[in-house]
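The values are calculated or read from the model by the stated rules, or taken from the named source; none is laboratory data. Keep in mind that this is a model prediction, so the values were computed, not measured. Note that each Cβ is placed from the backbone with ideal geometry, even for glycine, and that neighbours are counted across all protein chains shown. Quick note on the areas: whole protein, heavy atoms, side chains included, nothing else; ligands and nucleic acids left out. Shrake-Rupley method; radii C 1.70, N 1.55, O 1.52, S 1.80 Å.
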Amino acid sequence: MRAAVWNVWACAAALVLVSAGPGIAQAQSEATPVERISLLPGFQAELLYSVPGEEQGSWVSLCVDDKGRLITSDQYGKLYRITVSPPGTEPAETKVEPIDSVRIGAAQGLLYAFDSLYVVVNGGGREGPGSGLYRVRDTNGDDQFDEVTLLRAFRGGNEHGPHAVILSPDKQSLYICAGNHTPLCDPETSRVPRNWNEDFLLTRLWDAGGHAHNIFAPGGWIVRTDPEGKRFDLISTGYRNQYDIAFNDEGELFTYDADMEWDIGAPWYRPTRVNHAISGSEFGWRSGTGKWPADYPDSLGSVVDIGPGSPTGIVFGTGAKFPEKYQKALFICDWSYGIIYAVHMTPDGSSYQGTAEKFAAAQPLPVTDLVIHPDGAMYVTIGGRKTQSGLYRISYTGTESTEPASSGGDDPQRALRSTRYVLERLHGEQSPYTLDLAWPHLSHEDRGIRFAARIAIEHQPVEWWVERALDEQNPIAAIQALIALARCGDESLQPRAIEALNRIDWSQLTEARRVDLLRAYQLVFIRLGRGDELVRRSVIEKLDSQYPNASPRLNLELAKQLVYLEAPGVVKRTLDVLDRSVTQEEQIHYVFTLMTLASDWTLEDRTKYFEWFNRLAGTRGGNSFIGFIRNIRKGAIDTLTDEERTALEPLISGAFEAVDPASVAPERPFVQKWTVDELVPVVDDRLHGRDFARGRAMFSAAQCFKCHRVRLEGGSTGPDLTGVGGRFNHRNLLESLIEPSKVISDQYEKMVYQLQDGRVLEGRVINLNEKNLMLLTNMFDPNSIESIQRDEIEESQPSTTSMMPESLLDTFSEDEILDLVAFLKSGGDPGHEVFQPRASAAGR
């Protein structure tokens, strides 16, 4: 959940016994009725308990004890023990008892293991202990906890503080996670090399809204410890705010990390995403503009990107009496949008790739945590931030088999994971044998294996392998080795490291490996220093001819590198690339890249540059978006000479303010009112030999990039469209473009709220706080938020119109539509068959 102010708990009531079920009146407020929860076919939800907020608070964490009872915690207060009648009992009975025998609460992590309740306290309070990992025990067997032991104190609290604690697959140790406002807990050992840094080449702007200022690497973290909490081992870093962690049936660790919603619309925005937390992993969160792109080789990417939201509890379906597909799924909670997703993963090399399916949803449904109970059902809590809390049970009542899923099976990728495991066993250890074991895997085709091999090498004394890194001839291995050297070496190695990178043949690398090479250059300059003029000239000579590049992705990195080196002519080239950029994220990237460059400008270039801010004034994003652009403009003004300031006075005087997007968007003339029926035969017959660049430009002209992502480009308020070509036929695609309200996914539907004062508001609930609902009313403007009070709502119902506007294609010609559809079918791949002549196309 997003940041909030913490306080102490209110006193809880004594034992409460309720009957749950339709028609049962209760004195306290009701949690969201099950009739309003959309579930997958065959699944059934029961509301077991509506929490009386004044007495028992708002519940945010959940675990199962050794007797099958649930234990939960108020976000700001006490722990509660819950006894629930078995599934199928009519009526269901739920008994809730406050745990008053010990003074502890405000827990965002709970685990019962080793005859103990492990409690991760987040913030504590006036009457309870502060942040830390605690072990709570019943020492005399009377079924009442009587001993509280602090195992490790944590610095930090609030909603980016310490979170979950879970049991390891071998049931011998504990894993704990914490968000980025929690300094490291002084781990005794680390699988992550302790050489982390901010690692951005040019400069960083802190968040324009003031969030996370002076919060540095390593960001959010995951550690492992023994049952007594004596020895902590750092496993993974680089998160923003991962609330929970979970192991699959293969023993692989995953988490669901938060986005920074104020960044939406900016190039440094990263959606909420599921990460595979392998040994020694780094995921590149850095504050403000400093976040690393997902494809950087010194970090790892995502299993699946979800989009805007607020990650809370996660759990695998292992042990559930669900169909096999859902026993193997990772269930993740999005608190803001009220959704539980089922993430279905398939092996992808030594890691995984996934797809997210909406499992349960309602507005509002502020899901906080979930567990799979030994009775085979899923138990879910809603609440947080003093919102109405409740306890639900989700069971499967359909016809598919719920026999325990088979583990493993025929998986050709298992050998790759086994290779990664061998390398991970070398992490944190020093041995002369490690180099010979790990080095051959630096050139492996699999990203996870390359990463694990490099981490193993970085744990070895650099003098053991420095010459080997500098002499490496395999280009892929050399890039990885030189990244390791940059992270572990000293400034004396800079000239030789640059010389080694300059030997690598650009023409022999794929686009992805070129990104790796450019990142290696960056890290050498960042970590080992700028070097002398000969070094600077040698790298310019190496890279200058590649910019501008046909690849938009490479242009982003080449621009940064050549601006850093102050390459001659880089300003004019970057302004030309800026003019051709089709997404606002690209445009902001280039404006930001040029911000601090003081050389290579003409007055004409300066004028053209500052005119771009007039265009950007009409773009939209999250809460910090306009502030970021304002600060970029100020940073550029600060580099001007007195003469330039005078000449540019009409452009730079006055404050920068946002304007109506319609006032700066170029007008397109109306062509015709297209219909699906007239376009389907055209697309069926002519979707070959299309123009990729124009298709991408049309995707921008239709404003699709504002809400949708394709291959890491674009916004995230709508679904990712990278794989849409494999899911939709031509008619489906055209219907979604021309008739968006024909079929509305309930994942993206908006609600209509009739208020008591006569107002009618439409939008999606994206945030809650106590009785306040925050409504996103315009998906083109992520900051268009209306706040309403629950008691102001007279009636609510799903809207029959899509948040996606009508008539998007009415200003497009037939050929432009064909190129747009080709771009969508290709998933942003310029090598796709739709861009080849018919004779060489494999078919439609």
* Asked: Where residues in the range 353-398 are out of contact with any His (no Cβ under 6 Å at 6 or more places or on another chain) and of a type in the set (Phe, Trp, Tyr), which of them is surrounded by the fewest Cβ atoms within 10 Å (Cβ to Cβ)?
  -> TYR396
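Out of the residues in the range 385-411 that are in contact with a Leu (Cβ under 8 Å, 6 or more places away or on another chain) and either of a type in the set (Ser, Thr, Tyr) or part of a loop (DSSP other than H, G, I, E, B) (or both), which is nearest to THR94 (Cα to Cα)? Please lay out each step first, then the result.
First pass over the range 385-411, keeping only residues in contact with a Leu (Cβ under 8 Å, 6 or more places away or on another chain): 385, 387, 390-394.
Checking which are either of a type in the set (Ser, Thr, Tyr) or part of a loop (DSSP other than H, G, I, E, B) (or both) leaves us with 385, 387, 392.
On the way: ARG385: 23, THR387: 20, TYR392: 11 Å.
Applying the filter and picking the extreme gives TYR392.
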* If you go through the range 156-175 one residue at a time, do you hit one that is open to solvent by 30 Å² or more (accessible area, probe 1.4 Å) and at pLDDT below 95? -> yes
* What is the one condition in (1) open to solvent by less than 10 Å² (accessible area, probe 1.4 Å); (2) under 22 Å from ALA246 (Cα atoms) that TYR112 does not satisfy? -> (1)
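Okay, residues lined up against (1) at pLDDT below 85; (2) among the hydrophobic types (A, V, I, L, M, F, W, C); (3) over 30 Å from GLY725 (Cα atoms); (4) open to solvent by 60 Å² or more (accessible area, probe 1.4 Å):
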position	(1), (2), (3), (4)
ASN614	no, no, yes, yes
ASN623	no, no, yes, yes
LYS634	no, no, yes, yes
TRP674	no, yes, no, no
LEU679	no, yes, no, no
ARG690	no, no, no, no
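If you take the residues in the range 78-97 that are open to solvent by 10 Å² or more (accessible area, probe 1.4 Å) and out of contact with any Asp or Glu (no Cβ under 9 Å at 6 or more places or on another chain), which one is nearest to PHE43 (Cα to Cα)? So that I can check it myself, show each step before the final result.
Initially, the range 78-97 is screened for residues open to solvent by 10 Å² or more (accessible area, probe 1.4 Å), giving 78, 81, 83-91, 93, 95, 97.
From what's left, out of contact with any Asp or Glu (no Cβ under 9 Å at 6 or more places or on another chain): 88-91, 93, 95, 97.
Values: GLY88: 14, THR89: 17, GLU90: 18, PRO91: 19, GLU93: 20, LYS95: 24, GLU97: 29 Å.
Top of the filtered list is GLY88.
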* Here is a list of conditions, (1) modelled with pLDDT of 95 or more; (2) open to solvent by 10 Å² or more (accessible area, probe 1.4 Å); (3) in contact with a Ser or Thr (Cβ under 7 Å, 6 or more places away or on another chain); (4) not basic (Lys, Arg), and THR607 meets all of them except one; can you say which number that is? -> (3)
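Of all residues in the range 30-87, how many are charged (D, E, K, R) and either in contact with a His (Cβ under 9 Å, 6 or more places away or on another chain) or under 19 Å from THR397 (Cα atoms) (or both)?
Number of matching residues: 3.
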* Asked: Do we find a residue being modelled with pLDDT under 95 and at positive phi anywhere in the range 520-529?
  -> no
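So that you can scan it fast, the table gives a plain yes or no per residue for (1) under 23 Å from SER299 (Cβ atoms); (2) in a helix (DSSP H, G or I):
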{"site": "ARG513", "(1), (2)": "yes, yes"}
{"site": "TYR521", "(1), (2)": "yes, yes"}
{"site": "VAL524", "(1), (2)": "yes, yes"}
{"site": "ARG536", "(1), (2)": "no, yes"}
{"site": "GLU541", "(1), (2)": "no, yes"}
{"site": "ALA550", "(1), (2)": "no, no"}
{"site": "ALA559", "(1), (2)": "yes, yes"}
* Asked: Filtering the range 320-336 down to residues that are in contact (Cβ under 8 Å) with a residue 60 or more places away in the chain and open to solvent by 30 Å² or more (accessible area, probe 1.4 Å), which residue is farthest from HIS441 (Cα to Cα)?
  -> LYS321
* To do: Examine the range 696-717 for a residue that is modelled with pLDDT of 70 or more, buried (at least 18 other Cβ atoms within 10 Å of the Cβ) and touching a Lys or Arg at 6+ places or on another chain (Cβ under 6 Å), and state whether such a residue exists.
  => no
* Only residues in the range 522-546 that are touching a residue at least 24 places away in the same chain (Cβ under 8 Å) count as the first member; pair them with residues that are assigned to a helix (DSSP H, G or I) and of a type in the set (D, E, K, R), Cβ under 6 angstrom, at least 6 apart or cross-chain, and list the lot. => LEU528/GLU491; GLY529/GLU491
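Could you list all residues from the range 220-247 that are of a type in the set (S, T, N, Q) and either within 13 Å of VAL274 (Cα to Cα) or without any contact (Cβ under 8 Å) to a residue 12 or more places away in the chain (or both)?
Kept after step one, since they are of a type in the set (S, T, N, Q), are these residues of the range 220-247: 225, 236-237, 241-242.
Of everything in the range 220-247, those that are of a type in the set (S, T, N, Q) and either within 13 Å of VAL274 (Cα to Cα) or without any contact (Cβ under 8 Å) to a residue 12 or more places away in the chain (or both) turn out to be ASN241, GLN242.
Of all residues in the range 455-467, which are assigned to a helix (DSSP H, G or I) and farther than 24 Å from SER236 by Cα? Step through it out loud before you land on a result.
Residues of the range 455-467 assigned to a helix (DSSP H, G or I): 455-458, 462-464, 466-467.
Within the range 455-467, GLU463, TRP464, VAL466, GLU467 meet the criteria.
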* When the range 304-339 is examined, which residues are found to be among the β-branched types (Val, Ile, Thr) and either over 18 Å from ALA246 (Cβ atoms) or in a loop (DSSP other than H, G, I, E, B) (or both)? -> THR318
* Asked: Just a yes or no: is a residue in the range 468-485 among the β-branched types (Val, Ile, Thr), open to solvent by 50 Å² or more (accessible area, probe 1.4 Å) and either part of a helix (DSSP H, G or I) or without any contact (Cβ under 8 Å) to a residue 60 or more places away in the chain (or both)?
  -> no
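Which residue out of THR289, THR272 is open to solvent by less than 10 Å² (accessible area, probe 1.4 Å) and at pLDDT 95 or above?
Details: THR289 fails: open to solvent by less than 10 Å² (accessible area, probe 1.4 Å).
Checking each option against the conditions leaves just THR272.
Closer than 16 Å to TRP196 by Cα and in contact with a His (Cβ under 8 Å, 6 or more places away or on another chain): is that true of GLY284 in this structure?
On the way: closer than 16 Å to TRP196 by Cα: yes; in contact with a His (Cβ under 8 Å, 6 or more places away or on another chain): no.
For GLY284, the condition - closer than 16 Å to TRP196 by Cα and in contact with a His (Cβ under 8 Å, 6 or more places away or on another chain) - is not met.
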